[in-house]
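Asker: Right, I'll just put the structure down here and ask away after.
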Amino acid sequence: MSSSRNFLITVGYLPLVALAGIVIILVILHQLGWINAWLFPLKHVSVFLIFGSVSCWIVAGIRKKPKQPSKKLLAHQQTKTAGIRWKIRLCWLLAILLFIVNGSAYLLAYQMTHVRVPGQPGIGIPKPSNSSTPSDRGLPYTTHKIKISESEWLETWLIPSQAAFSRGTVLLFPGNLGTKGSQLIAPAQSFATLGYDSMLIDFQGVGGSSGNTVTIGIKEAQDVVAAFNYVQTLNINSPLILYGVSMGSAAIMRAISVNKIKPDAVILELPFSRLVNALRSRLKYHKIPAFLTAELLVLWGGLQHGFNGFSHNPIDFAKELDCPALVIHGEQDKWTTVEEIKALFQNLPGSKQLVISPQAGHHQLIGVDRQLWDSTVKNFLNSL
């Protein structure tokens, strides 16, 4: 009992020693100019390591040092405890495995939801940039910055209609780690041809916007609200339509359900039904055991960013969308099944249209069958 207690106390110091070592290394490398130490997630790493130390010390405190027994009693205790040593070792093994599994899930959740400056070392995905602009397709545009706070903003491009008179305005939002330059120019070109002004938005964490986190549509819903409110301060024409790709669709639906914005219509391309299901399908595709792994990622991701990821379910948000809706999906989509999309579509209470392309997967239909995309969107807009 005493040896295991002492062992726990000793192990409890190791995370603190590791934390001190990390701080020293970061300071040295920062002073040498090799890295930018301010980009390192020290707060999250510190919380995780301190939690490990405190946990070990709490367990050690529970296992109080016993009084010194007599020789006869000691011999009896040694005989009695010999048969349960394997149980203690099994408990230690399970505790170590639990620590490794949760530690891995914590780091993976951090990696999946953070971006970093390209070329800089650290945990996170290199921040995606806009590799093309509307002028590459001969489209005129102006750049707007939507101020959220002193250090936060959204970068947007406003592309005017190609018609003599604008028929309305479309706000376009990209998918996970997508930018306005990589996913939104082609749809905006079609909207401009159909007579609509288009505003293309980079969520925070990508492109020209501020930030270094991606939350699969949860905090991005606030960006949808900010863009929705901003565009109404401009001299725009109605109707005001929201278009989203994958995560962008989830952010739009959450903004309508939770934040109560009121667009005139929505176009939802490649939405997912539930965050946990979306993670499960990706884990299975990459041959990673999905059982409990998806739940752990949602749990730790939520704790890192301060939200409940288990309630991030567009299939439930759909019940609050009382405006006209067009849902576009690919039958070959590896992440979201046709059955899930049909269930989500069924929950939409207003007028609605569903188009499922037999050839498309989790790719924008405009890049697979532009004629079908153009005709579908044109018919939907004409019905408004």
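Since every read-out is calculated from the coordinates, none of them should be taken as a lab result. Just so we're clear, the structure is a prediction, and the values are computed from it rather than from any experiment. In this analysis, Cβ positions are derived from the backbone assuming ideal geometry, glycine residues included, and neighbour counts consider all displayed protein chains.
Asker: If neighbour count is taken as other Cβ atoms inside 10 Å, put Glu331, Glu295, Glu155 in order from fewest to most.
Answerer: Ordered from fewest to most neighbouring Cβ atoms within 10 Å, Glu331, Glu295, Glu155 come out as Glu331, Glu295, Glu155.
Asker: Next question, about the same structure. Classify the stretch 272-384 from the C-alpha gyration tensor, please: rounded if a/c falls under 1.5, else prolate or oblate depending on whether a/b exceeds b/c. Write down the numbers at each step before the final one.
Answerer: On the way: a/c = 2.71, a/b = 1.55, b/c = 1.75.
Oblate.
Asker: Where the centroid of each part is defined by its Cα atoms, how far is the stretch 97-133 from the stretch 178-249 in Å?
Answerer: 24 Å
Asker: In addition: Quick one: order Arg89, Arg116, Arg137 by neighbouring beta-carbon count within 10 Å, fewest to most. Walk me through the numbers before you get to the answer.
Answerer: Working: Arg89 10, Arg116 19, Arg137 13.
Ascending Cβ contact count within 10 Å gives the list Arg89, Arg137, Arg116.
Asker: What dipole magnitude, in Debye to the nearest 20, does the stretch 133-273 give about its Cα centre under +1 on Lys/Arg Cβ and -1 on Asp/Glu Cβ?
Answerer: 220 debye
Asker: Arrange Trp157, Trp335, Trp373, Trp92 by Cβ neighbour counts within 10 Å, fewest through most, would you?
Answerer: Starting with the residue having the fewest Cβ neighbours, the order is Trp92, Trp335, Trp373, Trp157.
Asker: Determine the alpha carbon to alpha carbon distance for each of Lys145/Lys287; Lys180/Lys262; Lys260/Lys287; Lys145/Lys219; Lys127/Lys319; Lys180/Lys378 and list only those over 30 Å.
Answerer: Numbers: Lys145/Lys287 41 Å; Lys180/Lys262 23 Å; Lys260/Lys287 39 Å; Lys145/Lys219 18 Å; Lys127/Lys319 34 Å; Lys180/Lys378 21 Å.
Check vs 30 Å cut-off fails for Lys145/Lys287; Lys260/Lys287; Lys127/Lys319.
Asker: What is the Cα coordinate range of the stretch 88-202 on the first, second and third principal axes, sorted by size from largest, in whole angstrom?
Answerer: 79, 27, 26
Asker: I've got another one for you. Each residue of the stretch 236-249 in order: what ³J(HN,Hα) in whole Hz does its phi give by Karplus 6.51 cos²θ - 1.76 cosθ + 1.60, θ = phi - 60°, with x for Gly and Pro?
Answerer: Computed from phi, the couplings for the stretch 236-249 are 9, 9, 8, x, 9, 10, 10, 10, x, 10, 6, 4, x, 5 Hz.
Asker: Give me the dipole magnitude in Debye, nearest 20, for the stretch 284-374 about the Cα centre, with unit charges on the beta carbon: positive for Lys and Arg, negative for Asp and Glu.
Answerer: 200 debye
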